[in-house]
Amino acid sequence: MLAGPGAISTVILFSQQAPGIAHKLVLISLCLVASLIVWGCFHLAPQIGRHLSQTSMNISSRVMGLILAALAARVAADPDGDYLDFHGDQWTARRMDETSRRVAAALAAMGVGPGDRVASLIENSPAQVVVFFATLRLGAVAVPVNTAYKGEFLRHQIADCGAGVVVVQD
């Protein structure tokens, strides 16, 4: 059990039946850039992250909005075409959209809202992308955590990022 400041709820949402993720280099690049921006602001320099100017927050919000808009455009243009393929685990844009909306609703029911941090301890997989989109839908901050972290180092990472929810694989 992880312990740290504040309560941490652990949600087990995904099984390991679907290993890894790969596809759509541009979208994944945007996701990575957005994650790095947010992670850098709130993790690498928490003293700076807590005092970001409104302009910086607006830029981050616009990037997140662009990522969600890219998914929405794909759903509108080709909802049932290949969107994500990882080792034969095929996802359509519709499936990604619907699944991320369900996960966002579950996170919202747990009290996750704008600005909250949602840590994910998930191997590279479609599940990681789903959690990323779900978190963006709520205006929350996605904090992917390296699954190789264990013990005190893992506890520190979760506590330091300030996540109230940790999404894990079973």
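The values are calculated or read from the model by the stated rules, or taken from the named source; none is laboratory data. What you see is a predicted model, and the numbers here were worked out from it, not measured in a lab. Virtual Cβ from ideal backbone geometry, glycine too; neighbours counted across all protein chains shown. Side chains included, ligands, DNA and RNA excluded: accessible areas come from the protein's heavy atoms. Shrake-Rupley method; radii C 1.70, N 1.55, O 1.52, S 1.80 Å.
For the ranges 118-124, 66-72, what's the packing order if you count other beta-carbon atoms within 10 Å of each residue, average per peptide, and put the highest first? If you can, show how the numbers build up before the last one.
Working: 118-124: 21.4, 66-72: 14.7.
Going by the mean number of other Cβ atoms within 10 Å, highest first, we get 118-124, 66-72.
Could you tell me the calculated FRET efficiency between Asp170 and Ala77, based on Cβ-Cβ distance and R0 = 25 angstrom, to the nearest 0.05? All intermediate terms of the calculation are to be shown ahead of the outcome.
Details: r = 35 Å, r/R0 = 1.38.
Using R0 = 25 Å, I get an efficiency of 0.15.
Give the long-range amide H neighbours of Asp116: residues separated by 5 or more places, or on another chain, with amide H under 5 Å away, using H modelled in the peptide plane at 1.01 Å from N.
Val141
Taking amide H positions as placed 1.01 Å from N in the peptide plane, with prolines and chain starts having none, which residues 5 or more places from Ser125, or on another chain, fall under 5 Å of its amide H?
It is Gly20, Ile21, by chain and number.
Ranking request for peptides 125-137, 154-166, 102-114: highest mean number of other beta-carbon atoms within 10 Å first, then the rest in descending order. Kindly include the intermediate steps, with their values, before the conclusion.
Details: 125-137: 24.4, 154-166: 18.7, 102-114: 15.2.
Going by the mean number of other Cβ atoms within 10 Å, highest first, we get 125-137, 154-166, 102-114.
Using the Karplus curve 6.51 cos²θ - 1.76 cosθ + 1.60 with θ = phi - 60°, what ³J(HN,Hα) values do you get for each residue of the range 121-137, in whole Hz, with x for Gly and Pro?
Listing the rounded values in order: 10, 9, 4, 4, 5, x, 4, 5, 5, 4, 4, 4, 4, 4, 5, 4, 4 Hz.
Relative contact order (percent) for the range 54-124, with alpha-carbon contacts under 8 angstrom and 6 or more residues of separation? Write down the numbers at each step before the final one.
On the way: 30 pairs, mean separation 12.8, N = 71.
Normalised by residue count, the contact order of the range 54-124 is 18 percent.
Rounded to the nearest whole Å², what accessible area per residue is found for the range 86-170 with the 1.4 Å probe?
41
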